[in-house]
Amino acid sequence: MAELLGTGSFIVTVAIIIGVIILLSVFFTLVPVTLWISAMAAGVRVSIFTLIGMRLRRVIPSRVVNPLIKAHKAGLTVSINQLESHYLAGGNVDRVVNALIAAHRANIELTFERAAAIDLAGRDVLEAVQMSVNPKVIETPFIAGVAMNGIEVKAKARITVRANIDRLVGGAGEETVVARVGEGIVSTIGSSVDHAKVLENPDLISQTVLAKGLDSGTAFEILSIDIADVDIGKNIGAELQTEQAMADKNIAQAKAEERRAMAVANEQEMKAKVQEMRAKVVGAEAEVPLAMAEALRTGNIGIMDYMNYKNIQADTGMRDSISKIGGEQQKPDPTKE
């Protein structure tokens, strides 16, 4: 009996120990005690129930409490509810707090609401604050423009910009600034009478472009535009004139070919008319024997008249043969030359 009681008390003791371990593990899982102790040591008042509520809301307490401790040590007034709501909205709490600290150190006016809005808009708010303190240089590729004399001029610019925190939300990015500067460079080169003036005074490009206020509607403020390199490209005017001359030549050749084709067609038409006339002559000559036969039958001509006609034909054929032989003998022999 005593052995059974001893065994039962041992089982109860083991069960109590296991239950205590389970309760402690659940407690330390729900309540980040070490984080609460760190906050209390830093002078940040955070209740245990607030940390438990974060766990229940699926918020990682360290992602909120550590930035809160950092902001408190930097002398910023930020509530834990603001940080938690920004975390739940999908923002980067640590980056926002770092940006607020950097702005506070640089005497830049930046509220938590604006920093959170910039972060939720997809921009790096810390990089924007750093760019406000230390301006950024954007280098453009070679931008080609054509002067009035037809010479192509290529220019590369360096744009010094500073972030405009008030326009970060809804403002255009670096691509827009580069595109606007490129458009200004092209228009400035295009308005130059001679490319030599652009090469002599490249600062005219930067002054003209900078005076146009290209940073309006963007998230940046353009401090300066410096022309880093200027190069000469192709002679676009000469190429255009060459292409125009080739086009004119092709048009003239086409018109000449048209006239030649018309002349060939006219020649063929005249040849056809000659053949037609020859056919008529042959037809008329074919009627001569018939007419003579009819004249012999009717007695309009006699047999002696017919014989005289034949003799005349024979004499004419003989003279033609002699004239052809004489003409061939008078032709020079090309083999002897």
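List every residue pair whose Cβ atoms sit under 8 Å apart, with the two residues 6 or more apart in sequence or on different chains, where the first one lies in the stretch 171-199 and is not assigned by TED's automatic domain parsing to the domain that holds ALA117 and surrounded by fewer than 19 Cβ atoms within 10 Å (Cβ to Cβ) and the second, anywhere, is assigned to a helix (DSSP H, G or I) and not hydroxyl-bearing (Ser, Thr, Tyr).
LYS197/LEU204
Residues being over 27 Å from SER132 (Cα atoms) and touching a helix residue (DSSP H, G or I) at 6+ places or on another chain (Cβ under 7 Å): count how many of those fall in the stretch 143-192.
So the answer is 13.
Test of understanding: among GLN329, GLN275, GLN268, GLN313, which residue is more than 60 Å from the chain's Cα centre (by Cα) and modelled with pLDDT of 80 or more?
After applying the criteria, what remains is GLN275.
What helices (runs of 4 or more DSSP H), lying completely within the stretch 121-212, carry at least 2 residues that are under 30 Å from THR111 (Cα atoms) and at pLDDT 85 or above?
125-133, 174-190
Return yes or no: is ALA247 loosely packed, with under 15 Cβ neighbours inside 10 Å, in a helix (DSSP H, G or I), at pLDDT 85 or above and not charged (D, E, K, R)?
Against the criterion (loosely packed, with under 15 Cβ neighbours inside 10 Å, in a helix (DSSP H, G or I), at pLDDT 85 or above and not charged (D, E, K, R)), ALA247 qualifies.
Keeping to the stretch 124-148, report how many residues are over 13 Å from GLY233 (Cα atoms) and either in contact with a His (Cβ under 6 Å, 6 or more places away or on another chain) or among the charged types (D, E, K, R) (or both).
The total comes to 4.
Given the conditions (1) at pLDDT below 80; (2) surrounded by 10 or more Cβ atoms within 10 Å (Cβ to Cβ); (3) of a type outside the set (Lys, Arg), and given that ILE303 satisfies all but one, which numbered condition is not satisfied?
Result: ILE303 passes all but (2).
The values are calculated or read from the model by the stated rules, or taken from the named source; none is laboratory data. Treat the numbers as computed from the prediction; the structure is a model and nothing was measured. With ideal geometry, Cβ positions are generated from the backbone for all residues, glycine too; neighbour counts draw on all protein chains shown.
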